[in-house]
Every structure is written in structure tokens, then in C-alpha cells.
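S.K.: Here you go, one structure.
The values are calculated or read from the model by the stated rules, or taken from the named source; none is laboratory data. Note that the structure is a prediction, hence the values are computed from the model and not measured. Quick reminder, even Gly has a Cβ in these numbers, built from the backbone with ideal geometry, and neighbours come from all protein chains shown. To get the accessible areas, we keep the full protein, side chains included, count just its heavy atoms, and leave off ligands, DNA and RNA. Shrake-Rupley method; radii C 1.70, N 1.55, O 1.52, S 1.80 Å.
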Amino acid sequence: MFRCVLLFLLLCGFAIPRHAWADHPDPLIADSPNADSSNATRPNIVFAFADDWGRQASIYRGIGDADSRALCDLVDTPHFDSVARRGVLFSRAYVNAPSCTPCRSSLMSGQHFFRTGRAAILQGAIWDSSIPTWPRLLRQSGYKAGFTHKVWSPGSVADAPYGDAEHRFRPAGGIDSRFSQFATQQIKQGKSFADAKAMVQQTVRKNFQAFLQQQPSAEPFCYFYGPTNVHRKWIWKSGTDLWGMDPDDLKGRMPAFLPDVPTVRQDLVDYLGEVQAFDAALGVLLDELKSRGLLENTLVVVSGDHGPAGFPHGKCNLYEF
């Protein structure tokens, strides 16, 4: 059975009430893995984590408050939606702190951010290696744990809660973390959007393959995919030029706390383009798992954290956006 779950509950111990998902009629609650400690029965884990992604996905259409409804109507996230339909979708789940390093300190440790010492701040953060983290605990219990791109930063030492640099797999580079910049550049050089997108997706696949190729077949694995999408900066009008979204579709439907003017509508559309780029990368991870016959025994976790940066009620603010 394909076991999948969205957001943090199973891995991180966040206090999310049972009713957080009970109001959604579509996803079913996945069976819990057997308590057998043998490698043959323990599921693999793939954790895809988008930087600064709020609750804007097509699966959320009709769910939640009106402020995000128009954005969910406009964005298209088929791969995230497919995971949600086969697993658990959370509609009321919250990060522990709306800022990069404190949030990820909480995410890695399963504790409130203020319990992580110097790791509870943004600039000048230092990780305390005596704090247990789930990636290190998984590694101690026999999992092969690796990551690509950002896990924990800014701070010293970068990504320390997940493990040392030897656990980083990035041989193909990181153009998937700057999708709009790379795709726009390629189009200016005469390539099509489809070609540029395929190049980015190939980068995602090669990095994931590099991790899997070093994975002993008898051991379960945990892979953390953390591009800096959908973190600013993105290319102005990239949501329209690359993804074909029309900012005027948001006219008269903007969140109440944002000005309904062309510049802000365009900025939101560009943000949604980055969301779709992350979803495309997620599709690559799922396809690679499926092609290797690993999907049915893999726990897939997909999440963002603070919501869109640079907008009122978004990142660094205590609101639902």
C-alpha cells in the first residue's frame, strides 16, 4: 500500500489535533506501518519541503477561508493533489515559528523552537548537537538518510540537524532552486519553456538518483528534498510568461488584506508559478520512486512553512496565509 501523509505529524511530533483533517471528505487515513523493526517492513521516507509555501494548492479549493480561495482556484498542483488524495491532507496545521531557522529547528527536533537554544534565532544561529533530531535517530536505527539543498539554515553548521555534508547529494547542481531565473534565461537564449522545464526536472532526478544509487537495497532510506523554491526572489511576470497565469483572474478576488492592484496581483501570480515549479519537482521524485518499484513502501511527506514572503500576513507574520 502507498503510505503517504502531508505536513509534519508523523515525523516531527507537532501538536496537530485530530479534527485538523477530519473535515476533509476526500483523503483517507493511511494505515500505520507495522511495528516490526526489520528492514523489510520499515517504509522508506521522502520528505519534500518547499521554502515559504503557504496553503495555496489546487487540492485546497473550497477549503478554508476566502483569502486563499482565489489563489487555490488559479494554481495547479497535480502531484501534490495526488499525494493528498491517497493520504492525509491537513487544513489547519501550523509551523512553530514563521521564520526560516527557528521553524526548521522545531521541524528537525520536534520541539518548540524556543527549546533549541541559539538555534531559535535567525541570524547567528548555532545548532546544539546534543539536541536529538529525527534524521539522526533514523540513521542510528538503520536508515540511510540523505538530503538535497536546504534543510536547516541560515546557521552554523548549515544543515547540522540532518547530518554532515557527507549526507548531501547535489552532483547535478541546484537550478531547481531558482526555477524562474533559469527558465527565463534559457528562453532568452532560444530554448522553449518545455525544454527549460525538462532541464530543471532532470537536475531533480539526477540528484535523487545519486542518493538512491548509494543506498543499500536491504536498508530503508530517508531523503529530504528542500529547494529554496518558493522563496523570493522570482522573476517579475514569470507566473504569466512561463506558466500562462493571468493576474486579472485575481481581480476582485484578492485577499482582503492585500491591495487589489495590478502590481500586487502580478506578484502573487509569480509566486504561484514558483509553487507550480515545486510541484513539478515533486512529480519527478514520485516518478523515480515508481519506476524503481519503491513507491508502494515509501512514506511521502510534503509541506511548506511560513507562507509567501514579502506579503502582509505571510512569512514572519502570525496569520493564516
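S.K.: Express in nm, to one decimal, how much length is gained between TYR319 and ASP195 on full extension, taking 0.36 nm for each residue of separation and deducting their alpha carbon distance. Walk me through the numbers on the way to the answer.
M.R.: Working: separation 124, 0.36 × 124 = 44.64 nm, distance 3.82 nm.
My answer for the length gained is 40.8 nm.
S.K.: Considering all alpha-carbon pairs of the range 59-216, what whole percent are spaced by more than 25 angstrom?
M.R.: 51 percent
S.K.: To the nearest 10 Å², what's THR203's accessible area with a 1.4 Å probe?
M.R.: 10 Å²
S.K.: If you don't mind, there's one more thing I want to ask. Provide the FRET efficiency to the nearest 0.05 for the TRP236-GLN214 pair, computing r from the beta carbons and using R0 = 41 Å.
M.R.: 0.55
S.K.: Over the chain, calculate the relative contact order: mean separation of alpha carbon pairs under 8 Å at least 6 apart, over the residue count, as a percent.
M.R.: 30 percent
S.K.: Which longest run of the chain has no exposed loop site in it, a site being trypsin sites (Lys or Arg not before Pro) in a DSSP loop with at most 13 other beta carbons within 10 Å, and the site itself not part of the run? Mind dumping the intermediate values first?
M.R.: On the way: sites that count: ARG18, LYS233, LYS251, ARG292.
Answer from the scan: 19-232.
S.K.: Note down the magnitude of the dipole of the range 98-166 about its Cα centre, charges +1 on Lys and Arg C-beta and -1 on Asp and Glu C-beta and zero elsewhere, to the nearest 20 debye.
M.R.: Details: 7 positive and 4 negative charges, 30 e Å.
So the magnitude is around 140 debye.
S.K.: Subtracting the Cα-Cα distance from 0.36 nm times the residue separation, let me have the gained length for ALA256 to SER129 in nm, one decimal.
M.R.: Full-extension gain reported as 41.4 nm.
S.K.: Right, here's the next one. What is the extension gain from ASP248 to SER156, computed as 0.36 nm multiplied by their sequence separation minus the C-alpha to C-alpha distance, in nm to one decimal? Walk me through the numbers before you get to the answer.
M.R.: Numbers: separation 92, 0.36 × 92 = 33.12 nm, distance 4.35 nm.
Gain on extension, ASP248 to SER156, equals 28.8 nm.
S.K.: Taking the alpha-carbon centroid of each part, what is the distance from the range 46-72 to the range 288-321 in angstrom?
M.R.: 9 Å
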